[in-house]
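Every read-out reported here was derived from the displayed coordinates using simple, explicitly stated rules and does not represent laboratory data. In this text, all values refer to a predicted model and were calculated from it rather than measured experimentally. Every residue, glycine among them, receives a Cβ derived from its backbone with ideal geometry; neighbour counts consider all protein chains shown.
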Amino acid sequence: MHTPFKGLLLLLGLAGLSLAAVAKPAADAPQELPEWHSRAGQSMRAEFLEVQYGEVWLRGTNNLVFKIPLVALTPEGQQLARDLEAQRQAGPAMQTQSVASNQLPVFLDGPAAQCNAIFNHKNFIATVDAEGEMKIVCLDQGKPIDKPLFINFGCSYSQPGKRRSYRRPVAYFDNPPKPSENSPELTYKGRMKDNVEFEITYEFKDNSIQAWGWIQDPDDISFPSRFGLGLRFTATHRFAPDVPLEERKKQLEGFELVVNPIDGKSVTYPFWQSTQRLALPAKRVEILGDVYGERRIYVTIPSTKIAQLHPRVYTGNAPHAGFSVGLRKSSYSSRNRNERLVLTID
């Protein structure tokens, strides 16, 4: 039978501490916990947390966290603690080998698992996936709000006589950056299908996330490309088909989408009201009400002379079902950094 080290309570008593005084936030324990042995012959299973100032922090199967001197462990236990501490300090595992050329290397575990980058801010958490798309989750009093936003980029083209557009996917990334945490600026570049060159940059500045980019067609391309950079707002509220309109209006009272066109006065669209078309082009798009808890969200551009915002509600839907805000540039190949989309989360 495995019992906690007998010296644990004595150790805490000599330090003048209680279990509660040294407890750290609990987390789900791994299924397979390592077995630790003391020099005195006791043993127990516990999750390793860290080594700090010659003491090993462990979490027992009862979820209580405690510390013991490193020297109190057997030589094998001391080595295990040192190895686990080295892994902890190295950070999450990274996938840098055998990555497809059109994919970015990613973290294999941790809070940014399967992502190339993560940025932690007091108002939001942003991650970039293996394809370069950014996901943003707002934080309300430190808790994530399950209404994510996405910033994505792309390249498309049209053929004469055909109404549909065709997508040019990423063919490969040039020198893709290694997985990173809290980098203030991220740049991805490479080639899309048909040898179209591209570059996209995300920048974290104060309470904002800013994005800009460009594409460059080769001289011999058959169908010219269009560059797309946009912000997608997912559904903030979902209703069953049988929920009457009056009930929807009641639940969505005070939630509004406000569009400030480049010319003219601002236009307000209630979240409950189905809208076919929004005021275009725009210089600012804002969400009013506690849609994202304590966070206030708006989208702007630095200059309306060289870029515009094009908000769009999905056909036949109301804003609560999701909408997007696209960036339109004067030239798709322009590398002017002021032609950017600015998402502010206050």
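Comparing Q87, Q79, Q141 in a Gaussian network model of the chain, where Cα atoms under 10 Å apart are tied by springs, the biggest mean-square fluctuation is seen for Q79. Report the local net charge at R296: Lys and Arg +1, Asp and Glu -1, summed over other residues whose C-beta lies under 12 Å from its C-beta. Net local charge, R296 excluded: -4.
Can you give the net charge of the other residues whose Cβ lies under 12 Å from the Cβ of Q216, counting K and R as +1 and D and E as -1? So the environment of Q216 carries a net charge of -2.
Using just the C-alpha positions of segment 59-165 as equal point scatterers, what log10 of I(q)/I(0) does the Debye formula give at each q in 0.19, 0.20, 0.22, 0.24 1/Å? Those come out to -1.04, -1.07, -1.13, -1.22, one per q.
Exceedance of the 25 Å cut-off in Cα-Cα distance is limited, within the set K143/K283; K147/K329; K135/K329; K162/K305; K189/K283, to K143/K283; K147/K329; K162/K305; K189/K283. Peptide packing for 236-248, 41-53 was compared via the average number of neighbouring C-beta atoms within 10 Å per residue; ordered from the highest value, the list is 41-53, 236-248.
With Cα atoms as the point set, the chain shows a radius of gyration and Dmax of 26.3, 84 Å. Within the shell defined by Cβ-Cβ distances under 10 Å, the residues around V56 carry a net charge of -1, with Lys and Arg each +1 and Asp and Glu each -1. Across the chain, Cα pairs under 8 Å and at least six residues apart give a relative contact order of 11 percent.
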